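Heads up, the thing below is written out as structure tokens.
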Amino acid sequence: MDTLITVLGTNLLLVMTLMIGLWLISIPLRDVSYIDSFWALGMVIVAGTTYIMVEGVAQRQQLLLLLTSIWGLRLGLHLLLRWRREGPDRRYMALLAKAPGNPHFYSLRKVFLTQGPLLWLVTLPVQLGQIDSVPAVLGPLAVVGTGLAVTGIAFETIGDWQLTHFKANPANTGMVMDRGLWRYTRHPNYFGDACVWWGLYFIAAETVSGRWAFISPVFLTFILIRWSGAALLERRLKRSRPGYAEYIARTSGFIPWPPKRER
């Protein structure tokens with residue numbers, strides 16, 4: 001119990017300290033959009049600090065750290081480069097435009113101090129999954145989890161690559177991306193994210209402590225589909241992108257599935 005409290009408490013303190021540091025950086029930049037890249041990179045940091053703090057089963061610890069690092073470093077770099085290439089995110093610009101007072105303190109409260117605890121919550125599988133020293137070997141659930149996480153990483157990577165190349169072509173300006181993986185799901189990146197964290201949970205769930213991390217993939221799937229992910233994005237795209245309503249009508253919203261035939 002002492003180890004569990006130490007790990008969770010230390011990681012929460014670390015995440016919130018980093019968030020305050022990122023907020024201080026945002027003041028002279030007048031932009032908070034890079035927080036999205038830290039959402040992924042911060043999870044790698046949490047997995048790494050947990051690995052350093054505890055002495056669990058080496059195989060399980062290394063597997064959780066490896067998969068989190070591959071996913072987080074790839075996604076974090078992708079989002080950071082996108083921010084540098086495309087500039088401030090319109091979502092955050094709209095949010096800060098509503099600031100009733102000092103926009104910097106508003107961003108601290110609405111962006112950084114909000115995302116910190118959520119990041120910590122989502123990383124519960126790679127925190128709790130590293131603590132226990134039993135079972136001493138990886139079992140079938142870890143194999144399933146690894147396969148699911150690898151599938152999610154591949155799905156998200158391919159989807160991001162396809163979208164980046166589509167947007168880079170001036171001929172596609174204003175058009176709806178409905179090719180490649182985007183033909184089968186409107187959000188292959190979000191679907192990939194969900195697969196990764198359900199996979200990490202399955203690996204962690206072979207331990208008693210790790211089973212309690214189920215709230216992480218449940219919550220992440222909820223925010224990706226219903227809260228700040230697909231739901232928020234699609235409200236904007238339906239207003240700004242001609243043909244997006246038709247795309248919604250024929251394409252699965254989350255789980256990949258063959259598109260419906262148009263009448």
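Descriptive notes on the structure:
Here's the yes/no breakdown for (1) more than 15 Å from residue 34 (Cβ to Cβ); (2) surrounded by fewer than 16 Cβ atoms within 10 Å (Cβ to Cβ); (3) in contact with a helix residue (DSSP H, G or I) (Cβ under 9 Å, 6 or more places away or on another chain); (4) among the aliphatic types (A, V, I, L, M):
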site: 47; (1), (2), (3), (4): yes, no, yes, yes
site: 55; (1), (2), (3), (4): yes, yes, yes, no
site: 58; (1), (2), (3), (4): yes, yes, no, yes
site: 75; (1), (2), (3), (4): no, no, yes, yes
site: 92; (1), (2), (3), (4): no, no, yes, no
site: 101; (1), (2), (3), (4): yes, yes, no, no
site: 110; (1), (2), (3), (4): yes, no, yes, no
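- Flag if residue 145 is small (Gly, Ala, Ser), over 28 Å from residue 235 (Cβ atoms), in contact with a Ser or Thr (Cβ under 8 Å, 6 or more places away or on another chain) and modelled with pLDDT of 95 or more: no
- Elements of type helices (runs of 4 or more DSSP H) in segment 1-97, at least 3 residues being closer than 22 Å to residue 132 by Cβ and over 16 Å from the mean Cα position of the chain (by Cα): 2-29, 35-53, 58-86
- Annotation note: of 161, 182, 120, the sole residue that is within 27 Å of residue 65 (Cα to Cα) and either surrounded by 18 or more Cβ atoms within 10 Å (Cβ to Cβ) or hydroxyl-bearing (Ser, Thr, Tyr) (or both) is 120.
- Residues (part of a helix (DSSP H, G or I), touching a Leu at 6+ places or on another chain (Cβ under 9 Å), farther than 30 Å from residue 31 by Cβ and of a type outside the set (A, V, I, L, M, F, W, C)) located in segment 128-162: 145, 146
- Selection status of residue 192, part of a loop (DSSP other than H, G, I, E, B) and closer than 23 Å to residue 82 by Cα: no
The values are calculated or read from the model by the stated rules, or taken from the named source; none is laboratory data. Computed from a prediction, not measured in an experiment: that's the story for all the values here. As a convention, Cβ positions derive from the backbone with ideal geometry for all residues, glycine included, and neighbour counts pool all protein chains shown.
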